[in-house]
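Since the structure comes first, as structure tokens, the remarks are kept for the end.
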């Protein structure tokens, strides 16, 4: 009898290992909850090819923009937890629970972290036609006409929205928020003069800065970006406590098997270490940023607490 049980146990273990080794047996879909050209989209496309090689299956990007990323997040939260539908989020993901009263998912219970992908500086950009040479010039214009200046974002609850609201609080200015479906649309409106400024991920804004269509007044992290060494941080430019770092990460439904989550984590880490991806990240001004799944979940909880405080202080609500 003991021998039979041993054989059965060995068979079950082998079967389980076989099932795990069979993943993935079809393409993996990365859901990007913002438009093409947004930072989440850029980062997803940056790692997708290297991930595809490691997984031995195509990695497909699908954009599902809208509602600050909650439409795409809701789709993934309700998908089969099999590792074939994966969410790429920006740090605005942690703000949404505080500003959307009835999300179609629970951020902590229904979704679980795989790993961050990158830390990306935001840059405050304006149209050169505004004539503002420094951040001080822009702030002076805002304070001269309270409530009349508009800023654009990639959507209510996006990382660019949260960055701008933190900056607005620390700078003590009264400006109006105009949300879009993604960063490219927000920057286009700033270039066209329909909005005064926006925070945009450096990865998305840098080409427009280099060709003169946008002017960089400040970057949001605590340190200057090597890609824009002559552009001060918002703190250096006179707004204490306004520093902010955008991050991009990978999320899956919470019931996804641990072995699949580990495999995804390993493939992201390997992808970020390839020379091609490292070179592309450097050109985008982004820094590879990874964590183990458990550590990423703890990081998300901490970030949610900080975002909730910003939302409460700024009285942020979904528009």
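The values are calculated or read from the model by the stated rules, or taken from the named source; none is laboratory data. From a predicted model like this one, the values you see are computed outputs, not experimental measurements. Here the Cβ positions follow ideal geometry from the backbone for every residue, glycine too, while neighbour counts run over all protein chains shown.
Points to keep in mind about this one:
- Selection from segment 64-77 of residues that are surrounded by fewer than 20 Cβ atoms within 10 Å (Cβ to Cβ) and either more than 15 Å from residue 105 (Cβ to Cβ) or in contact (Cβ under 8 Å) with a residue 60 or more places away in the chain (or both): 66
- Test set (1) surrounded by fewer than 18 Cβ atoms within 10 Å (Cβ to Cβ); (2) more than 20 Å from residue 72 (Cβ to Cβ); (3) over 17 Å from the mean Cα position of the chain (by Cα); (4) touching a residue at least 40 places away in the same chain (Cβ under 8 Å) - residue 311 fails condition number: (1)
- Tabulated pairs, segment 21-44, first at positive phi, second surrounded by fewer than 22 Cβ atoms within 10 Å (Cβ to Cβ), C-beta under 8 angstrom, 6+ apart or interchain: 37/184
- Of the set (1) surrounded by fewer than 21 Cβ atoms within 10 Å (Cβ to Cβ); (2) in contact with a strand residue (DSSP E or B) (Cβ under 7 Å, 6 or more places away or on another chain); (3) in contact (Cβ under 8 Å) with a residue 40 or more places away in the chain; (4) over 18 Å from residue 120 (Cβ atoms), all apply to residue 191 but (2).
- When residues in segment 194-235 are screened for being part of a loop (DSSP other than H, G, I, E, B) and surrounded by fewer than 16 Cβ atoms within 10 Å (Cβ to Cβ), 8 of them pass.
- Among the residues of segment 236-255, those identified as more than 20 Å from residue 93 (Cα to Cα) and surrounded by fewer than 19 Cβ atoms within 10 Å (Cβ to Cβ) are 236, 238, 240, 241.
- Filtered residue count, segment 150-187, keeping only those that are assigned to a loop (DSSP other than H, G, I, E, B), over 22 Å from residue 206 (Cβ atoms) and touching a residue at least 40 places away in the same chain (Cβ under 8 Å): 2
- Among the candidates 179, 201, 184, 221, residue that is modelled with pLDDT under 95, closer than 21 Å to residue 139 by Cβ and either touching a strand residue (DSSP E or B) at 6+ places or on another chain (Cβ under 9 Å) or outside the structural domain of residue 283 (by TED's automatic domain parsing) (or both): 221
- Count of segment 87-106 residues which are touching a helix residue (DSSP H, G or I) at 6+ places or on another chain (Cβ under 9 Å), surrounded by fewer than 23 Cβ atoms within 10 Å (Cβ to Cβ) and touching a residue at least 60 places away in the same chain (Cβ under 8 Å): 3
- Qualifying positions in segment 80-114 - within 12 Å of the chain's Cα centre (by Cα) and modelled with pLDDT of 90 or more: 87, 88, 89, 90, 91, 93, 94, 95
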